[in-house]
Amino acid sequence: MNQAKYYLSDPWLEPYKGIIEGRINKCIAKERQLAGNGRITEFAMGHFYYGLHRCDDGWVFREWAPNAESIFLVGTFNDWKETPGGRLTRINKYGDWEIKLPHEGLKHGDLYKLSVNWKGGKGERIPSYATRLCQDETTKIFSAQVWDPGQPYKWEVTDFRPAGTVPVIYEAHVGMATPEEKTGTYREFTANVLPLIVKSGYNTIQLMAIQEHPFYGSFGYHVSSFFAASSRFGTPEELKELIDKAHASGIRVIMDLVHSHSVKNVLEGLGLFDGTPGQYFHTGSRRNHVAWDSLCFDYGKDNVLHFLLSNCRYWLEEYKFDGFRFDGVTSMIYYNHGLEKNFTSYDDYFDGGQDEDALVYLYLANRLIHDFRPEAVTIAEEMSGMPGIACDTAKGGFGFDFRLSMGVPDFWIKLVKDTPDENWNIGQLFHELTQHRPEERIISYCESHDQALVGDKTLIFRMIDAEMYTGMNKSCHSLALDRGIALHKMIRLITFSTAGGGYLNFMGNEFGHPEWIDFPREGNNWSYKYARRQWHLAMNEDLKYSFLLKFDNAMVRLHHEYKILDDFFVAKIYENDSDKVIAYSRGELLFVFNFHPTRSFTDYGIPIKGKFRIILDSDDPVFGGFDRINRSTLYMSAKKTERPTLDQPFYLYLYLPSRCALVLKKEPVKRATDI
């Protein structure tokens, strides 16, 4: 059945209807071309053909390198030399090369590369579909590795179905998920961090830096080998075990997928794989990403689509990931990568500056992912608000389930940095937290890994600064400390409870981790001191970090108990910018915030009818509050005067301490006189 197209209900899109339909028609035509009489999932099977595979009579290896004149398989098995027995044969006009070897020709653990020869040059290359890499500890050189441990990983959970649809995401980096000054491992994450995530109530883990990347400090965003799980964290089986254990705990695991660009490294990457710059990437001025010092894929080439779409299917199929957060979508879909552009007009989405080939790829990727795994989740890291990016393909969109609301953390940082509390505009605050296109769902967040990187500051560091190191003992108080602790809770609660689809937290931010992120590099003497997370701070009952962790846990439980994020409608009930008070409802819960830094209000009237009880408040001493709230009271609405009229509204009268948030649940009313 045809569904109504999203753009027909937005009058502002009427002038661009022809462009929108032209783009979607281009997507549909490309899917038909690639899928033929089948499905796009059947097109995306490059990982079964290319790369190294064990077969009944030995090994077969294939590679696509149309500009190569000869290719040799070299490695530890032939002393890294070009030998007749290692020579690949070109098998078709498209540039596919193949070699078959007996079983004894390769063994588990062997290292290998390709020696690619082209007219006028040659070079060693890591195969494009390599699924396992290994870095030499001395030379730091990467090589592909034969990975054939014997028995395949035996999955404990074979048919995982996540509970609930709305993702409450814990964004995590395996390598820095350790208190020790080293690179953490998959096994350590499974044993030490996964239980903390389960206890905290998050239902989704978003793993960063999984695809192999030569430079650890790139945070995983300069990918070289797209089909290889990073070996610096452990083995493929150990990553599968991590995902399997998460599934056994009812938690989905999504992957930070980087298809927006690729590392420039020639020896490890794809940039000059067969000697030509344009095999996978653009040539000329569009080849280099001006901001990221990386290479830009040419999404107009069918071979590139085949490579990237196969990559999507591979991670779903081989590792049982439950979806992806697509990195850098804005960069992909604009010729200028969205740099230095404010997107204040609808013309900005349709002025010819858009890479429609990239939009086609994203459409195809979402079609593939949702066809192959209907319950999979896809999230676009997209800051421009491109119409249709997070809309079902059946409605004329590009198919993402959610868009990451990147403007929210930028808003919070700017507000905390530049504006005193007493000047916060409450109406603007609520608008920024709730605005999104009508057809899309968004993932909201206060801060991610970006705000924690060296050179920037997290929200709590901006509010408390140096006292993070001297005043986090529970016996310490100061104006800066009390303000920072109170606002940290309030900012998270209002962002979480107004989220238009889901919520994300970067590991450690939930308890106000005191340090920035700085990966080992020459400039810090290759130190791991700031490339780690110290959960023990939140577990120490003598420190205020424990207050923040407990509040975050209680906040997340609101969704588990009341499914507030499943109800996408947030109803604003009351707003007073002078008092810095705002109230809104979501589902069966009422949220009331007093952001005023100094003023508390007695019998503050909120225009709503009903009987309510407080189920969470940021002033609770369990969360480091000052215990100014009577939590045993049952609050009942009343009319404003003793002589009510029929049309006079009911008010809920509350005591609202300064810098405090209340969550109230509406209780059933047995009879009218109960109000």
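The values are calculated or read from the model by the stated rules, or taken from the named source; none is laboratory data. Computed from a predicted model, the values in this text were never measured in an experiment. A quick note on method: Cβ atoms are made from the backbone with ideal geometry, for glycine too, and the neighbour counts reach across all protein chains shown. What goes into the accessible areas is simple: the full protein's heavy atoms, side chains included, and nothing from ligands, DNA or RNA. Shrake-Rupley method; radii C 1.70, N 1.55, O 1.52, S 1.80 Å.
Only helices (runs of 4 or more DSSP H) whose full extent lies in segment 421-505 are considered here, and the ones with at least 3 residues that are surrounded by fewer than 18 Cβ atoms within 10 Å (Cβ to Cβ) are 426-434, 479-498.
Elements of the type strands (runs of 3 or more DSSP E) sitting completely within segment 204-269 and holding at least 3 residues that are more than 16 Å from the chain's Cα centre (by Cα): these cover 225-229. Tally the residues that are loosely packed, with under 15 Cβ neighbours inside 10 Å and closer than 23 Å to Asn525 by Cβ, restricting the search to segment 163-179. So the count comes out to 1. Looking across segment 223-254 at every residue that is among the aliphatic types (A, V, I, L, M) and more than 21 Å from Tyr50 (Cβ to Cβ), the one that is most open to solvent (accessible area, probe 1.4 Å) is identified as Ala248.
Of the numbered criteria (1) charged (D, E, K, R); (2) free of Cβ contacts under 8 Å to residues at least 60 places away in the same chain; (3) open to solvent by 40 Å² or more (accessible area, probe 1.4 Å); (4) under 30 Å from Glu317 (Cβ atoms), the one Lys395 fails is (2). Screening Ile19, Ile40, Ile71, Ile28 for residues that are of a type in the set (A, V, I, L, M), under 26 Å from Leu364 (Cβ atoms) and buried (at least 18 other Cβ atoms within 10 Å of the Cβ) leaves exactly one candidate, Ile40.
Of the candidates Phe569, Phe547, Phe591, the single residue that is open to solvent by 10 Å² or more (accessible area, probe 1.4 Å) and not in a loop (DSSP other than H, G, I, E, B) is Phe547.
Suppose the filter is modelled with pLDDT of 95 or more, out of contact with any helix residue (DSSP H, G or I) (no Cβ under 6 Å at 6 or more places or on another chain) and of a type in the set (Gly, Ala, Ser); does Gly328 pass it? Yes, satisfied. Looking at His513, His536, just one residue is over 30 Å from Gly587 (Cβ atoms) and buried (at least 24 other Cβ atoms within 10 Å of the Cβ), and that residue is His513.
Kindly establish whether Ile210 is under 15 Å from Glu318 (Cβ atoms), open to solvent by less than 20 Å² (accessible area, probe 1.4 Å) and at pLDDT 95 or above. In short, yes.
Residues considered: Lys182, Lys264, Lys199. Of these, the only one that is closer than 23 Å to Ser310 by Cα and open to solvent by 40 Å² or more (accessible area, probe 1.4 Å) is Lys264. Scanning segment 119-153 for residues that are open to solvent by 30 Å² or more (accessible area, probe 1.4 Å), under 17 Å from Thr276 (Cβ atoms) and either in contact with a Leu (Cβ under 9 Å, 6 or more places away or on another chain) or basic (Lys, Arg) (or both) returns Lys119, Lys122, Glu124.
Let's see how each residue does on (1) under 21 Å from Ile169 (Cβ atoms); (2) surrounded by fewer than 20 Cβ atoms within 10 Å (Cβ to Cβ):
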{"position": "Phe326", "(1), (2)": "yes, no"}
{"position": "Val329", "(1), (2)": "yes, no"}
{"position": "Gly338", "(1), (2)": "no, no"}
{"position": "Phe343", "(1), (2)": "no, yes"}
{"position": "Asp348", "(1), (2)": "no, yes"}
{"position": "Gly353", "(1), (2)": "no, yes"}
{"position": "Val360", "(1), (2)": "no, no"}
{"position": "Arg367", "(1), (2)": "no, no"}
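For residues that are in contact (Cβ under 8 Å) with a residue 12 or more places away in the chain and hydroxyl-bearing (Ser, Thr, Tyr), scanning just segment 431-480, find the one that is nearest to Val416 (Cα to Cα). My answer is Thr458. As a summary of the residue check, Asp579 satisfies the conditions (1) open to solvent by 70 Å² or more (accessible area, probe 1.4 Å); (2) assigned to a loop (DSSP other than H, G, I, E, B); (3) of a type outside the set (Lys, Arg) except for the one numbered (1). Among the residues examined, Asp410 qualifies as closer than 30 Å to His596 by Cα, open to solvent by 70 Å² or more (accessible area, probe 1.4 Å) and either touching a strand residue (DSSP E or B) at 6+ places or on another chain (Cβ under 8 Å) or not basic (Lys, Arg) (or both).
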